[in-house]
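The values are calculated or read from the model by the stated rules, or taken from the named source; none is laboratory data. Computed from a predicted structure; not experimentally measured. Here Cβ is always computed from backbone atoms with ideal geometry, including for glycine, and neighbour counts include all displayed protein chains.
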C-alpha cells in the first residue's frame, strides 16, 4: 500500500463490507444516478482475476500486479481471498482536483487510505447472514462460503461514517449512498 498524503479539496469514500453484501451493485446504481455530475469519480478496481458482470473492474495478471506494486503504480493495493486488488494512482489526481472518489475496497486499506488522503469516509454495506449466504451461493465463484460468512461477522475496526443495510430494494440503498456522497461533496473538509 503506497502513495502520498495530499491536502486536497476532494474526498475518498471507501465502500467496505462482506463479499456478497452488494457493494458493487450499490456503487453501480449510485454511479448511474450521479452520471454527468463531475464532482464524483468511480474508478475501476484492478483485480488479478477475470471480472464478471457484477463488478466494474479491470483484470491484471499476477505479474502485472506485482510489477505495479513494486513500482508504486497504485494508490492502494491489497490481497484478499487469494487475489490481488488495487486502485490506480489516478485517484489521487481526482481527489486533488476536488472530486469525491468512491471505491469498493477491503477494510484492511482504511488505515493506509488515511495516510494518502486527508478526507477519507467509510461506508459499510451489510446484509443479514441468510441473504449473504444465498448471494454467495448464487454467484458461484466462492469455494469456501462458510469462511466468508465467518469473516462477514467480524466487527469493523473503525466506526463507519454511513451504514447501509442492503437487504431491501437496491434503489433504496443507492439513494442512501447518493445522499451521503452529495453531503460529502458539499461538506467542509476535515
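Side notes on the structure shown:
- A Cβ distance below 6 Å, combined with a sequence gap of six or more or placement on separate chains, defines the contacts here; from the range 160-186, residues that are in contact (Cβ under 8 Å) with a residue 60 or more places away in the chain reach residues that are in a loop (DSSP other than H, G, I, E, B) in the pairs 166/21; 166/22; 166/127; 173/166; 185/39.
- Any hit, the range 134-148, residues being at pLDDT 95 or above and surrounded by fewer than 18 Cβ atoms within 10 Å (Cβ to Cβ): no
- Residue that is surrounded by the most Cβ atoms within 10 Å (Cβ to Cβ) [pool: residues in the range 95-110 that are more than 14 Å from the chain's Cα centre (by Cα) and part of a helix (DSSP H, G or I)]: 95
- Of the strands (runs of 3 or more DSSP E) lying entirely inside the range 52-94, those containing at least 1 residues that are modelled with pLDDT of 95 or more and either crowded, with 17+ Cβ neighbours inside 10 Å or within 14 Å of the chain's Cα centre (by Cα) (or both) span 74-80, 83-88.
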